[in-house]
Amino acid sequence: MPTTTWNRHHILSLADFTTTEYDTVLQTAASFQEVLSRRTKKVPTLQGQVVANLFFEPSTRTRSSFEIAAKRLSADTLNFAAATSSMTKGETILDTAKTYLAMGTDIMVVRHREAGVPNAIAAEMDRLGVKVSVLNAGDGQHEHPSQALLDLFTICTLIDPASPRLDLLKGKKIAIVGDILHSRVARSNIWSLIASDAEVHLAAPPTLLPKLFAEFLLESGVRSQEFIISSSPSFPTPHSPNQQLFLHWQLEPALQNADFVMTLRLQKERMTAHLLPSLREYHQLFGITRTKLQLCKPNVKVLHPGPVNRGVEISSELMDDPEFSLIQSQVTSGVAVRMALLYLLGSGKA
Ligand code: NCD
């Protein structure tokens with residue numbers, strides 16, 4: 001493992017992550033990737049520690065990924081699923097968390113459909129003066145830090161497998177396409193990609209762009225079909241004057257010469273209004289296909305956090321095409337990245 005100083009006690013958001021923290025996560029994940037390529041894929045690093053997966057919302061890959069990551073680190077794991085828990089009898093979220101605390105939990109991995117729940121649990125743990133760390137595994141439309149970090153790791157290891165680091169993305173064009181309005185994945189990715197000095201292009205129909213962006217654009221009096229927002233007050237001060245975030249209401253300018261395309265699931269369960277005429281039309285305008293990828297750099301790669309609506313945000317054939325699709329490597333990288341996060345939070349507790 002790289003020798004490192006890690007001072008962050010909870011991982012709730014990437015908004016204030018530093019370059020050093022990104023690089024530490026990437027290097028640590030690379031070491032664990034190596035462990036995972038061995039015949040014995042297990043290390044004793046977190047032996048005796050308890051990792052509780054508190055998933056108040058359904059999940060396949062994130063929950064399983066955290067579970068296998070904790071097991072590869074030799075931690076004991078507890079799994080909680082809201083539907084089969086005492087929450088059905090009226091127990092509150094904080095009381096559930098305190099129950100897991102009383103069982104000796106060291107790290108709580110929390111997913112909830114409401115934004116801010118992991119922060120509330122972390123604040124309660126801090127108030128109680130206990131050493132428990134909280135890791136946000138996706139909260140409402142807010143953030144999904146471990147997904148953005150595994151996306152970052154997937155891209156960086158593709159560019160330099162031996163030494164993944166943030167500055168490899170400097171100047172790369174990355175398009176994030178789809179349901180940005182409802183996507184916590186997009187929000188966390190925007191933080192990490194901005195920190196890397198990549199050029200970030202968001203593309204979605206107007207109804208699926210975050211209201212915050214739309215308000216900012218309207219206030220700025222921008223009326224054209226293509227917007228550039230580089231000084232939104234909701235985004236961090238740029239690390240360099242060249243850094244930019246672009247917002248498009250059409251797909252083509254975002255794809256033009258892109259190095260990577262991140263597609264997002266249409267989050268139908270979070271949509272409170274009818275925001276799209278039809279899925280067919282959405283696919284025609286914003287769905288990623290091999291033909292549309294011809295606008296990008298020739299060796300462009302496509303990412304998707306999963307689960308996928310096949311034939312909606314991405315064509316089924318492209319999803320399964322190993323020449324372009326990084327979807328399976330994202331899932332594989334996810335284990336190494338989550339091992340890194342648990343290790344970094346857990347190693348200070350021994
Ligand atoms: C994402 C999530 O749940 O936020 N999926 C995931 O964690 N792999 C994205 C999504 O639900 O579309």
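The values are calculated or read from the model by the stated rules, or taken from the named source; none is laboratory data. Just so we're clear, the structure is a prediction, and the values are computed from it rather than from any experiment. Here the Cβ is made from the backbone with ideal geometry for all residues, glycine too, and neighbour counts use every protein chain on show. The protein model used for the area step is the full one, side chains on, heavy atoms only, and it has no ligands, DNA or RNA in it. Shrake-Rupley method; radii C 1.70, N 1.55, O 1.52, S 1.80 Å.
Quickly run through the stretch 127-143 and pick out the residues that are under 20 Å from W6 (Cα atoms) and either free of Cβ contacts under 8 Å to residues at least 40 places away in the same chain or buried (at least 22 other Cβ atoms within 10 Å of the Cβ) (or both). Break it down into steps so the answer makes sense when it comes.
As a first pass, look at the stretch 127-143 and keep what is under 20 Å from W6 (Cα atoms): 129-137.
G129, V130, V132, S133, V134, L135, N136, A137 - these are the residues of the stretch 127-143 that are under 20 Å from W6 (Cα atoms) and either free of Cβ contacts under 8 Å to residues at least 40 places away in the same chain or buried (at least 22 other Cβ atoms within 10 Å of the Cβ) (or both).
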key: Meets criteria (more than 16 Å from the ligand (Cβ to nearest atom), assigned by TED's automatic domain parsing to the domain that holds P253 and either open to solvent by less than 10 Å² (accessible area, probe 1.4 Å) or under 17 Å from H144 (Cβ atoms) (or both)) for S196   = yes
Single condition R290 does not satisfy, out of (1) surrounded by 21 or more Cβ atoms within 10 Å (Cβ to Cβ); (2) outside the structural domain of P58 (by TED's automatic domain parsing) = (1)
message = For the stretch 8-40, give me each residue that is in a loop (DSSP other than H, G, I, E, B), more than 18 Å from D197 (Cα to Cα) and open to solvent by less than 70 Å² (accessible area, probe 1.4 Å).
response = R8, H9, H10, L12, S13
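A quick yes/no check of all residues on (1) at pLDDT 85 or above; (2) aromatic (F, W, Y); (3) open to solvent by 50 Å² or more (accessible area, probe 1.4 Å):
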site	(1), (2), (3)
P238	no, no, yes
Q243	no, no, no
E269	no, no, yes
T272	no, no, yes
L295	yes, no, yes
D321	yes, no, no
L345	yes, no, no
request  = Would you be able to say whether some residue in the stretch 157-164 is in contact with an Asp or Glu (Cβ under 7 Å, 6 or more places away or on another chain) and either small (G, A, S) or more than 13 Å from the ligand (Cβ to nearest atom) (or both)?
outcome  = no
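In this structure, does T60 turn out to be within 20 Å of the chain's Cα centre (by Cα), within 16 Å of the ligand (Cβ to nearest atom), hydroxyl-bearing (S, T, Y) and open to solvent by 50 Å² or more (accessible area, probe 1.4 Å)? Can you show your working first?
Details: within 20 Å of the chain's Cα centre (by Cα): yes; within 16 Å of the ligand (Cβ to nearest atom): yes; hydroxyl-bearing (S, T, Y): yes; open to solvent by 50 Å² or more (accessible area, probe 1.4 Å): yes.
For T60, the condition - within 20 Å of the chain's Cα centre (by Cα), within 16 Å of the ligand (Cβ to nearest atom), hydroxyl-bearing (S, T, Y) and open to solvent by 50 Å² or more (accessible area, probe 1.4 Å) - is met.
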task = Could you grab me the full set of residues in the stretch 74-95 that are among the polar types (S, T, N, Q) and either buried (at least 20 other Cβ atoms within 10 Å of the Cβ) or under 18 Å from G48 (Cα atoms) (or both)?
result = S74, T77, N79
key: Single match in T291, T263 (criterion: at pLDDT 65 or above, polar (S, T, N, Q) and within 16 Å of the ligand (Cβ to nearest atom))   = T263
query = Do we have any residue at all in the stretch 145-154 that's buried (at least 19 other Cβ atoms within 10 Å of the Cβ), in a strand (DSSP E or B) and within 16 Å of the ligand (Cβ to nearest atom)?
reply = no
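Identify, from the list A82, A70, A137, A97, the residue that is within 16 Å of the ligand (Cβ to nearest atom), touching a helix residue (DSSP H, G or I) at 6+ places or on another chain (Cβ under 9 Å) and modelled with pLDDT of 95 or more.
Numbers: A82 fails: modelled with pLDDT of 95 or more; A70 fails: within 16 Å of the ligand (Cβ to nearest atom); A97 fails: within 16 Å of the ligand (Cβ to nearest atom).
Result: A137 is the single residue among A82, A70, A137, A97 that is within 16 Å of the ligand (Cβ to nearest atom), touching a helix residue (DSSP H, G or I) at 6+ places or on another chain (Cβ under 9 Å) and modelled with pLDDT of 95 or more.
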inquiry  = Taking the conditions exactly as written (open to solvent by 20 Å² or more (accessible area, probe 1.4 Å) and not hydroxyl-bearing (S, T, Y)), does I174 satisfy them or not?
reply    = no
